[in-house]
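The values are calculated or read from the model by the stated rules, or taken from the named source; none is laboratory data. Values in this document were obtained by computation on a predicted structure and should not be read as measured data. With ideal geometry, Cβ positions are generated from the backbone for all residues, glycine too; neighbour counts draw on all protein chains shown. Heavy atoms of the whole protein, side chains included, go into the accessibility calculation; ligands, DNA and RNA do not. Shrake-Rupley method; radii C 1.70, N 1.55, O 1.52, S 1.80 Å.
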Amino acid sequence: MLGTAWFPLKQVREALKQGRLEEAHRLLQPSGAGQPKRAAELLQQLGRGYVERGLRHLSQGDPEAAWQDLLHADQVGARGDELRLALAKQGIADVRKRLEAGEPVRALEAIALLRDRQVRLPDLQDLEEAAKDWVQAGDLADKGDFPAAQQIVERLRRTWPTLAPLTCVRDELEFRRNAFAEASLQLHEAVAGAHWRAAIHQADEVLAVAPLHLEARQTRARAWQATEPSTIAGYESRQTSTPAGKPATETANRFLLWIDGVGGYLICLAPRVTLGQAVPDATVDIALFADVSRHHATLTRDAEGYMLEAVRPLRVNGESAEKSLLRPDDRVTLGGSCQLQFRQPVPVSTSARLDLVSGHRLARAVDGVLMMADTLVLGPGSQSHVQLPD
């Protein structure tokens with residue numbers, strides 16, 4: 001028994017000497033070395049090794065590896081206060097950097113991760129409040145409450161004078177507020193005169209600067225009902241060329257669906273759709289009024305899910321990506337600012353939904369894009385592709 005216990009301890013010492021910390025950790029598990037006193041000494045040495053390696057990882061710009069080393073140090077009961085404090089300060093610096101880049105949503109994501117890792121420094125609380133206020137201002141503006149949004153931004157500018165993007169946010173809010181006021185006035189005039197086609201156009205103008213404005217959405221639905229559109233309307237056909245070079249018309253697997261009292265939707269039946277700029281000769285499936293390329297990206301549905309492939313630069317949840325398997329609630333940014341949210345609200349269906357969340361518009365006045373597989377669920381609950389009133 002003594003020889004059996006001595007041999008693993010010798011292996012542990014050799015692994016520690018050569019920096020193979022994970023191997024030493026495995027050998028020091030309860031089923032490994034059998035001499036508690038010697039094992040405890042080696043565990044302390046292992047913990048110090050994890051802390052020292054974590055500090056090296058952090059100095060080399062690899063905080064994730066450093067966090068893993070801190071986790072391992074905690075598991076063996078080592079005190080990693082120096083590493084923990086250094087990682088917390090680096091995390092707070094990263095949050096501040098994201099705010100200084102004008103990315104409050106990404107800042108909140110980083111803060112949530114630090115909270116999960118038990119970071120509780122006072123600076124983090126202040127940054128979290130600033131990021132939440134910033135996001136709230138954006139939400140209020142999207143709903144058309146520009147005075148409240150501007151009030152929050154002005155307070156943030158006084159409290160955080162170093163956050164330069166807030167000046168741009170202030171100027172953008174002022175521009176959107178003026179455009180909103182003008183479009184709202186014309187919308188009310190169109191409704192008062194029962195000019196319903198003009199009302200549809202003006203409602204789109206309002207929603208371009210305040211995409212979540214409830215009254216504009218309701219007015220647009222009322223205007224659609226007044227003009228009695230077809231429940232299903234054909235979408236544009238796509239022009240292709242035959243091998244001989246003669247033009248031929250190919251019917252696209254797309255159509256517009258209107259649901260009375262709810263809204264309109266672009267239905268895409270094909271497993272592969274293209275996204276790009278809405279220009280007169282656009283051939284993409286999802287045409288966007290935004291500063292994006294004619295063909296900016298492709299979204300393909302297969303057995304694994306929905307794969308997004310970049311033709312031009314794009315980001316998924318703020319991170320640059322050339323190819324990404326989308327997950328529910330992922331945010332895709334095309335170009336500089338055109339942002340869409342990907343959703344799969346029905347667990348039993350592979351159909352998905354894309355919503356514009358950045359204030360941009362599609363070539364057609366619709367409330368969303370539905371990539372339909374075998375089923376499309378309409379209902380009052382959140383687990384439906386299209387939510388209907390009760």
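Tabulated values for the structure
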| read-out | value |
| --- | --- |
| Identity of the residue in segment 20-39, of a type in the set (Gly, Ala, Ser) and either closer than 14 Å to Ala73 by Cβ or surrounded by 12 or more Cβ atoms within 10 Å (Cβ to Cβ) (or both), that ends up modelled with the highest pLDDT | Ala24 |
| Of residues in segment 344-363 being in a loop (DSSP other than H, G, I, E, B) and touching a strand residue (DSSP E or B) at 6+ places or on another chain (Cβ under 6 Å), the one nearest to Glu304 (Cα to Cα) | Gln344 |
| Residue satisfying all of: in segment 235-246; out of contact with any Ser or Thr (no Cβ under 6 Å at 6 or more places or on another chain) and open to solvent by 60 Å² or more (accessible area, probe 1.4 Å); modelled with the highest pLDDT among these | Glu236 |
| Segment 306-317, subset open to solvent by 20 Å² or more (accessible area, probe 1.4 Å) and outside any loop (DSSP other than H, G, I, E, B), residue nearest to Ala270 (Cα to Cα) | Met307 |
| Looking only at segment 111-134, and only at residues there that are of a type in the set (Gly, Ala, Ser) and modelled with pLDDT of 90 or more, the one that is surrounded by the most Cβ atoms within 10 Å (Cβ to Cβ) | Ala131 |
| Test: residue in segment 106-123 that is of a type outside the set (Val, Ile, Thr), over 24 Å from Gly138 (Cα atoms), in contact (Cβ under 8 Å) with a residue 24 or more places away in the chain and in a loop (DSSP other than H, G, I, E, B) | yes |
| Selection within segment 119-153 - more than 24 Å from the chain's Cα centre (by Cα) and farther than 19 Å from Ala210 by Cβ | Arg120, Leu121, Pro122, Asp123 |
| Residue selected from segment 283-312 under the condition under 24 Å from Asp367 (Cβ atoms) and among the hydroxyl-bearing types (Ser, Thr, Tyr), by the criterion nearest to the chain's Cα centre (by Cα) | Tyr306 |
| Yes/no for Glu103 being of a type in the set (D, E, K, R) and closer than 30 Å to Gln11 by Cβ | no |
| Among (1) assigned to a loop (DSSP other than H, G, I, E, B); (2) more than 26 Å from Gly261 (Cβ to Cβ); (3) aliphatic (A, V, I, L, M), the one test that Leu376 misses | (2) |
| Qualifying positions in segment 373-390 - out of contact with any His (no Cβ under 8 Å at 6 or more places or on another chain) and of a type outside the set (S, T, N, Q) | Ala373, Asp374, Gly379, Pro380, Gly381, His385, Val386, Leu388, Pro389, Asp390 |
| Search result, residues across segment 54-66 that are open to solvent by 40 Å² or more (accessible area, probe 1.4 Å), assigned to a helix (DSSP H, G or I) and not hydroxyl-bearing (Ser, Thr, Tyr) | Leu55, Arg56, His57, Glu64 |
| Within segment 292-309, tally of residues that are at pLDDT 90 or above and under 30 Å from Val348 (Cβ atoms) | 10 |
| Any hit, segment 70-91, residues being under 30 Å from Val357 (Cβ atoms) and either β-branched (Val, Ile, Thr) or open to solvent by 30 Å² or more (accessible area, probe 1.4 Å) (or both) | no |
| Selected residue (criterion: nearest to Pro271 (Cα to Cα)) from residues of segment 319-362 that are open to solvent by 20 Å² or more (accessible area, probe 1.4 Å) and among the small types (Gly, Ala, Ser) | Ser324 |
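Let's see how each residue does on (1) in contact (Cβ under 8 Å) with a residue 24 or more places away in the chain; (2) more than 25 Å from Gln202 (Cβ to Cβ); (3) not basic (Lys, Arg):
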residue: Ser349; (1), (2), (3): yes, yes, yes
residue: Arg361; (1), (2), (3): yes, no, no
residue: Asp367; (1), (2), (3): yes, no, yes
residue: Leu378; (1), (2), (3): yes, yes, yes
